[in-house]
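The values are calculated or read from the model by the stated rules, or taken from the named source; none is laboratory data. All figures in this text were calculated on a predicted structure; none of them were measured in a lab. Methodologically, a virtual Cβ is constructed for each residue, glycine included, from the backbone with ideal geometry; neighbour enumeration extends over all protein chains shown. For accessibility, only protein heavy atoms count, side chains too; no ligands or nucleic acids. Shrake-Rupley method; radii C 1.70, N 1.55, O 1.52, S 1.80 Å.
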Amino acid sequence: MIVYTTKGGKYFSVAESFKNDSSNLRGVYVNLTNRCNNDCAFCLRDKKVMSAEKSLWLESEPSADEVKAELNAVPVDLVKEVVFCGFGEPTIRLDVLTELLQYVKATNPQISTRLNTNGLGNLEHGRDISPEFKNILDVMSISLNAATAERYLQITRSKFGLQAYDAMFDFADKMKNVVPKVVMTIVDKVTPPDEIEQCKKICAAHDLTLRIRPYEDS
C-alpha cells in the first residue's frame, strides 16, 4: 500500500477505511520506499506478518504523480494530518518527499504534515537538507532508540556506524530552526527504564520533546 490509514495496529487502504469507518482518516500515511540506511533489530519489516493485499512492502517505488493521485482520492475534510513514513526511510527519496510535502501544503494548507524519520538524511545526502523542509513540514518525528552512540549502533545497525548518533542530534538541532515541532521517540518495550530516563535528560539538554511510543509486534 502507498497511501493508507492505521487503527489498532492494523493497516487499511484509504478506500477501505472510508467505507468501513471514516474516523480512521484522521491520519493518512504515505509509504514512499522500502529502502533504509538502518537495519533496526526491532523493525516491523522483519517482525510483522501482513497479508498480500495489506502489505506495506512496495513492489516498486511510487512516483510523485502516483502518490498525488491517491491523495486526491482522499476525502480531505476528514483528514487532520498526512504522515510521510515509508516502510523504509523517507528522506532517501528526498526530491519526491519534498515535492509531495509542497503539494499537500499547496492543495490543502489546513492539513498538518509530519515526517517520521531516523534523522540521518544529512549523512545520506552528504549535506544539510533541513532548509528544504521550510514552510512545508509541521512536525518532524525522529527515532532516537538509545541513550548512547554504542547502544544506538547495536540496535539500529546503521550503515553509517558510530557517527550516526551525533549526526541524528545535529540534524534535530538544525530542524528546530525550520520546523515548528521536532519530536524524538523511543520504543517502550525496546528501551529499558533506566535508559528511558537517560533519553529524557539528553532530549531536555537539546530542548527537544521526547515521546515514548508503544511497540507494535502484531
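Going by a ≥ b ≥ c, the root eigenvalues of the Cα gyration tensor, does region 112-202 fall in the rounded group (a/c under 1.5), the prolate group (a/b larger than b/c) or the oblate group?
Cα axes put region 112-202 in the oblate bin.
For a quick protection proxy, order the peptides 32-38, 130-136 by their average other-Cβ count within 10 Å, most packed first.
Packing proxy ranking, top to bottom: 32-38, 130-136.
Suppose every Lys and Arg Cβ carries +1 and every Asp and Glu Cβ carries -1, with no other charges. What dipole size does the chain come out with about its Cα centre, to the nearest 20 debye?
About 380 debye.
Counting helices only, and only those DSSP H runs with n ≥ 4, report the 222 nm mean residue ellipticity of the chain as the sum of -39,500 (n - 2.57) divided by its residues, in deg cm²/dmol to the nearest 500.
Rounded to the nearest 500, the figure is -9500 deg cm²/dmol.
What pairs from Lys174/Lys201; Lys159/Lys201; Lys68/Lys159; Lys105/Lys176 go past 22 Å between their alpha carbons?
Lys159/Lys201; Lys68/Lys159
For the chain, give me every cysteine whose Cβ has no other Cys Cβ within less than 4.7 Å, ordered by residue number.
Lone cysteines by the Cβ rule: Cys36, Cys85, Cys199, Cys203.
On the full set of protein chains, 1.4 Å probe, figure out the accessible area of Lys176 and give it in Å² to the nearest 10.
The accessible area of Lys176 comes to roughly 80 Å².
Counting pairs of alpha carbon atoms under 8 Å apart in space and at least six apart in sequence, what relative contact order in percent does the chain give?
Normalised by residue count, the contact order of the chain is 19 percent.
Quick check: convex hull of the Cα atoms in the chain, volume per residue, rounded to a whole Å³?
116
Roughly what % antiparallel, to the nearest 5, for the DSSP beta bridges in the chain?
Expressed as a percentage, antiparallel bridges in the chain total about 20.
Provide the solvent-accessible area of Asp138, counting protein heavy atoms only and rolling a 1.4 Å probe, rounded to the nearest 10 Å².
In the full protein context, Asp138 sits at about 40 Å².
Relative contact order for region 101-218: what percent, with Cα pairs under 8 Å and sequence separation of 6 or more?
Relative contact order for region 101-218 comes out at 26 percent.
Roughly how many Å² is the accessible area per residue of region 102-184, as a whole number, for a 1.4 Å probe?
Normalised by residue count, the accessible surface of region 102-184 is 42 Å².
Ignoring ligands, DNA and RNA, what percent of the accessible area of the chain is carbon or sulfur (1.4 Å)?
Carbon and sulfur atoms account for 49 percent of the accessible area of the chain.
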